[in-house]
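Below is one structure, written out as structure tokens; the observations come after it.
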Amino acid sequence: PQGTRDQRPAHMALREHLFAAVVACFKRHGAAAIDTPALELRETLMGKYGESGKLIYELQEQGGELLALRYDLTVPFARYLAMNKITTMKRYHIAKVYRRDSPATSRGRYREFYQCDFDIAGHFDPMIPDAECLKIVHEILSELKLGDFLIKVNDRRVLHGVFAICGVPDSKFISTCSSVDKLDKMPWEDVRSEMVAEKGLSPEAADHIGEYVRLHGGLELIEQLLQDPKLSQNKLAKEGLGDMKLLFEYLTLFGITGKVRRCWGQEEPQAPQLRMLTGFCVPQICFDLSLARGLDYYTGVIFEAVLVQQENDHMEEPVGSVAGGGRYDGLVGMFDPKGRKVPCVGVSIGIERIFSIVERRVKASGEKVRVTETQVLVATPHKHLLAARLKLISELWDAGIKAEMLYKKDPKLLKQLQYCEDTGIPLVAIIGEQELTDGVVKLRVVTTREEVRITFYTRIQKCFHNLGMV
């Protein structure tokens, strides 16, 4: 089907490498794994995603239930917490989600794709879990070596305050957010036009919003806005800015608010998206008032990570965000019969977009990807030695060594060695008539053709252990 694809072995090898790095980070931070059904009740998903809710895959009625395919892993997690009366949890979940979107495969956008989520649920002191989520994003993107990146941070309460003082009614908050969130893809003039022509804002309100949403910076900007005569009088904005200040203090302690030192031009553009394209010195984490994120359930801190495009990048088109998340303190209460709230904050790693980048780079480099982890091929140079091969490979398997053999009674040695070269198997264990007589196995390094003779069977496991293969 359109927007889906089969994964060949080379793709799966790359995916498993990426998944392993992500899972290792999640476990390093103490998360436990859970899983939830791909199917949810339709009513569980509806009304949680704003304008994106139209992309939910609804299913025909089956057995009296109105069902839908899960749109993300966050809403099912909130439902899981409420159903099981869990008030404190740190979890990760890697699974497929489904969106009735317009596919853009070159950007890693599919209708069926994986998400990798990490969430912290529970009542804790402000901004400590939020800072850890941002630290996780920083760790994963650094470990995967995708290049320089920028993590944009904002707070929904700050946006509420900005819109309120600019004259935007509460009923238009979500729709205005969706327009502002396009500032990383569209110039301000186009965003302003959309807010006035399509969202019904007055030109004066749109211009006032523009004075704020084009601001970006760090602690100094937060301090500046805390002194803003109008914004500082708004309760929600003041709360959000106070938490944002605390968050940046914690991020500084984590050591992840430093700058990417790269300047390719003469004059620094003002918009973050332009700075990414021109390669000017940008912070790794930036307070960006244009960040809105369209999902309805966010209540506080929101963040999004994008790659800093470099001059030598030859991407057909930008890949968009590679991670995102935020705080959603009211979502669990929507599923609790008594409306009990469980504060939550989480992050989702855009593994499909990251995979698209890695796949493209591997293809450009001409690098061959090993699709198996076989450590040794058991080979024979003569006929009528199948029994010896079977006996030796069985002992290797029993010792935990990843081994293969060709499925022919009497394969030619040259063909067996060629198979090793084609598949990247590093070692070949050769057992011929002379080796049987001497009670040894000839172990050959495929690339260098160096050989060593080891005692047959009894010393095979010790030899492989010394080679670091078990």
| Hydrodynamic radius of the stretch 376-467 per Kirkwood, over alpha carbon pairs, in Å | 13.0
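Which of the trypsin sites (Lys or Arg not before Pro) found in the stretch 104-163 are in a DSSP loop and have at most 16 neighbouring Cβ atoms, other than their own, within 10 Å?
Numbers: sites: ARG107, ARG109, ARG111, LYS135, LYS145, LYS152, ARG156, ARG157; in loops: ARG111, LYS145.
Filter output for the stretch 104-163: LYS145.
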| field | For peptides 243-250, 300-307, 160-167, sequence by mean Cβ density within 10 Å, most packed first | value | 300-307, 160-167, 243-250
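Explain nothing, just the number: dipole magnitude of the stretch 376-467 about its Cα centre with +1 on each Lys and Arg Cβ and -1 on each Asp and Glu Cβ, in debye rounded to the nearest 20.
Its charge dipole is roughly 120 debye.
Could you grab the relative contact order for the chain? Cα pairs under 8 Å, six or more apart, rounded to a whole percent.
Numbers: 828 pairs, mean separation 76.9, N = 470.
The normalised contact order for the chain reaches 16 percent.
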| task | Just tell me which lysines come within less than 16 Å, Cα to Cα, of LYS442; anything on the same chain fewer than 8 places away is out. | result | LYS391, LYS462
| Say each of ARG340 and TRP397 gets a label point 7 Å from the Cα, pointing the same way as Cα to Cβ; how far apart are those two points in nm? | 5.2
| message | Just checking my list [x] 22.4, 79; [y] 27.8, 94; [z] 20.5, 62 against Rg and Dmax of the Cα atoms in Å computed from this structure; which label fits? | response | [y]
| field | Potential extension, ILE174-ASN84 segment - 0.36 nm per residue separation minus Cα distance | value | 29.3 nm
| query | For the pair TRP188 and ALA33, how long in nm is the line joining their label points, each one 7 Å along Cα→Cβ? | reply | 4.8
| remark: In terms of the alpha carbon gyration tensor, root eigenvalues a ≥ b ≥ c, rounded if a/c is under 1.5 and otherwise prolate when a/b exceeds b/c or oblate, the stretch 46-172 is rounded
| note | Rounded to two decimals, the Debye log10 I(q)/I(0) of the stretch 346-411 (Cα scatterers, no solvent) at q = 0.26, 0.28 Å⁻¹ is -1.09, -1.18
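In nm, what is the difference between 0.36 nm times the number of residues separating GLN233 and GLN60 and their Cα-Cα distance?
On the way: separation 173, 0.36 × 173 = 62.28 nm, distance 5.01 nm.
The span from GLN233 to GLN60 would gain 57.3 nm if fully extended.
Viscosity 0.890 mPa s, temperature 25 °C: Stokes-Einstein D of the stretch 168-213 from its Kirkwood Cα radius, in µm² per second?
Numbers: Rh = 10.3 Å.
Result for D is 238 µm²/s.
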| field | the chain - mean residue ellipticity at 222 nm from DSSP helices (-39,500 (n - 2.57) per run, n ≥ 4, rounded to 500) | value | -11500 deg cm²/dmol
| field | Label-zone membership for the stretch 399-434, site ARG453, 7 angstrom Cα→C-beta point, backbone N under 19 Å | value | 428-434
| query | Using a 1.4 angstrom probe with every protein chain in place, what is the largest-first accessible-area order of MET334, MET12, MET405? | reply | MET334, MET12, MET405
| note | Expressed in µm² per second, the diffusion coefficient of the stretch 56-120 from the Stokes-Einstein equation, with Rh the Kirkwood radius over alpha carbon pairs, at 25 °C and 0.890 mPa s, is 180
| message | Using only the alpha-carbon atoms, what does the stretch 409-449 span along each of its principal axes? Please give whole angstrom values in decreasing order. | response | 31, 23, 11
| the stretch 352-409-the stretch 95-166 distance, computed between alpha-carbon centres (Å) | 38
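Assuming R0 = 35 Å, can you tell me the calculated FRET efficiency for the pair VAL445 and ALA364, based on Cβ-Cβ distance, to the nearest 0.05?
Result of the calculation: an efficiency of 0.70.
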| note | With all protein chains present, the stretch 376-467 has a carbon and sulfur share of its accessible area (1.4 Å probe) in percent of 54
| So for the pair ASP438, LYS408, with labels modelled 7 Å out along Cα→Cβ, what separation do we get in nm? | 2.6
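Give, to the nearest whole percent, the P(r) tail of the stretch 180-244 beyond 19 angstrom, counting all Cα pairs. Intermediate values should be presented prior to the final figure.
Details: 857 of 2080 pairs.
Everything past 19 Å amounts to 41 percent.
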| message | So if each residue of separation counts as 0.36 nm, and I subtract the Cα-Cα distance between SER202 and THR252, what length gain in nm does that give? | response | 14.0 nm
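Can you bin the stretch 9-70 into rounded, prolate or oblate? Criterion: square roots of the alpha carbon gyration tensor eigenvalues sorted a ≥ b ≥ c, rounded for a/c under 1.5, prolate for a/b above b/c, oblate for the rest. All intermediate terms of the calculation are to be shown ahead of the outcome.
On the way: a/c = 2.40, a/b = 2.01, b/c = 1.19.
Note, shape of the stretch 9-70 comes out prolate.
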| With respect to the cross-link table entries LYS185/LYS368; LYS48/LYS185; LYS185/LYS238; LYS368/LYS415; LYS48/LYS90; LYS152/LYS185, which display a Cα-Cα separation exceeding 26 Å? | LYS185/LYS368; LYS185/LYS238
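The values are calculated or read from the model by the stated rules, or taken from the named source; none is laboratory data. Note that the structure is a prediction, hence the values are computed from the model and not measured. Note: ideal-geometry Cβ built from the backbone for every residue, glycine included; neighbour counts use all protein chains shown. Surface areas here come from the heavy atoms of the whole protein model, side chains and all, with no ligands, DNA or RNA. Shrake-Rupley method; radii C 1.70, N 1.55, O 1.52, S 1.80 Å.
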